[in-house]
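Asker: Let me give you the structure first, and then I'll get to my questions.
Bear in mind these aren't lab numbers, they're just calculated from the coordinates by the rules spelled out. Remember, it's a predicted structure, so these values are computed and weren't measured experimentally. Positions of Cβ are generated from backbone atoms using ideal geometry, with glycine treated the same way; all protein chains shown enter the neighbour counts.
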Amino acid sequence: MSTAELTRGAPARLLLTIRQVAEATGFCEKTIWANTAPRGRLACVRVGRSVRYSSPAVERWLATQTVEGEAATAAAQPAVDA
């Protein structure tokens, strides 16, 4: 599910909460938090104690996590014991 699909039918939001990002990506909130800058590469907006994410920043972060080529094929293959 994309971040656009998550907010479909709702008023357009400039920023998403960690819960909304977790729901849109299928990752748990702990994973999102662990990958949030400065610990990780997921850019965020901090105002006081609030942390928010822009949809484009989430989509860029997901793109950097994409594995292509043989590594992705090997990871998707079930292990076969000989």
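Asker: Output the peptides 34-43, 50-59 sorted from most to least packed, where packing is the average of other Cβ atoms within 10 Å over each peptide's residues.
Answerer: 50-59, 34-43
Asker: Applying 1/(1 + (r/R0)^6) with R0 = 30 Å to the Cβ-Cβ distance of Thr64 and Arg13, what FRET efficiency is obtained, to the nearest 0.05?
Answerer: On the way: r = 23 Å, r/R0 = 0.77.
The formula returns an efficiency of 0.85 here.
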